[in-house]
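Just so it is clear, none of the values below were taken in a lab; they were calculated from the coordinates. The structure presented is a predicted model; accordingly, all values stated were derived computationally and were not measured. Here the Cβ is made from the backbone with ideal geometry for all residues, glycine too, and neighbour counts use every protein chain on show.
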Amino acid sequence: MMLLVLILPPGPAAPAVAFVMMAAALVGARVPPKVWLACAAAPMGFLLTGALSLAFQVDAHGVSLSPGGLAAAARLVARSFAALTCLLFLALTTPATDLVAGLRRLGLPAEIAEIALLIYRFLFLLGDTAMAMDTSQAARLGHVGARRRLRSLGLLVANLLPRAMDRARRMEMGLAARGWDGEMRVLSKSAPVSAPGLALVLLVEASIVALGIFLT
């Protein structure tokens, strides 16, 4: 689907891909709409900012519509939003261990796979550490008033990385104590290939290809 978004004209193909991938995530995979919207909020903000920069121009006469800017912005929004729905479907339905295992089967070097898993784990360490520090500050009335909250935020940012690095170092020591030899082995379920499901996917993709070719 991502490849179709990049290759086909954004006119009819991009909205079709966006609709299919949103339906697959929200209805097929039963991803909660709040989770989907929360993950899409930040990318959509960057997308709208880029669209506005294409639609408008600033010159000596002030702010005005750029020639062909609205059409370029519409193409950008359609193609980028469709690509975003593909990425969100992958991120919200496939565990990181399965992604890395699939990349390993495709020939990804083991070192890069291990680094990806460690970085993935370290991101959660950062998040857990930040939440624990924020809860501790709130318990000590560090969020009372805007000035005190701003000071608490500065202290949290200043101490977040050292504490997260300390937790990461302890995690590395724990792995070494368990006989870690440099390779992280994880369990991933191997689902059998469903012929009807694969046929449905190919049919939907062929329909989008036909839509993008004949209705452009």
So what is the relative contact order of region 100-177, in percent, for Cα pairs below 8 Å that sit 6 or more residues apart?
-> 29 percent
Within-13-Å neighbourhood charge of MET1 [Cβ basis; K, R +1; D, E -1] | 0
What is the distance, in nm, between label points placed 7 Å from the Cα along the Cα-to-Cβ direction at SER194 and at SER207?
-> 1.6 nm
Counting sequence-distant residues (5 or more places) and residues on other chains, those with an amide H built under 5 Å from that of PHE56 are SER66
Value of [θ]222 nm, deg cm²/dmol, for the chain, DSSP H segments ≥ 4, -39500 (n - 2.57) each, nearest 500 = -25000 deg cm²/dmol
Have a look at ALA168, PHE214, ALA23 and report the one farthest towards the positive end of the charge dipole of the chain, computed about the Cα centre with Cβ charges (Lys/Arg +1, Asp/Glu -1).
-> ALA168
If you place +1 on the Cβ of every Lys and Arg and -1 on the Cβ of every Asp and Glu, how big does the dipole about the Cα centre of the chain come out, in debye to the nearest 20?
-> 800 debye
Roughly how big is region 100-177's charge dipole about its Cα centre, with Cβ charges of +1 (Lys, Arg) and -1 (Asp, Glu), in debye to the nearest 20?
-> 400 debye
Hydropathy first: keep DSSP H helices in the chain averaging at least 0.0 on Kyte-Doolittle, then drop any whose Cα extent along the axis falls short of 18 Å, and list what survives.
-> 33-55, 69-93, 110-139, 195-214
Can you list the residues, at least 5 places off or on another chain, whose amide H is less than 5 Å from the amide H of VAL31, using H built in the peptide plane?
-> LEU26
Additional length obtainable on full extension of the chain from LEU26 to ALA74, 0.36 nm per residue less Cα span = 14.8 nm
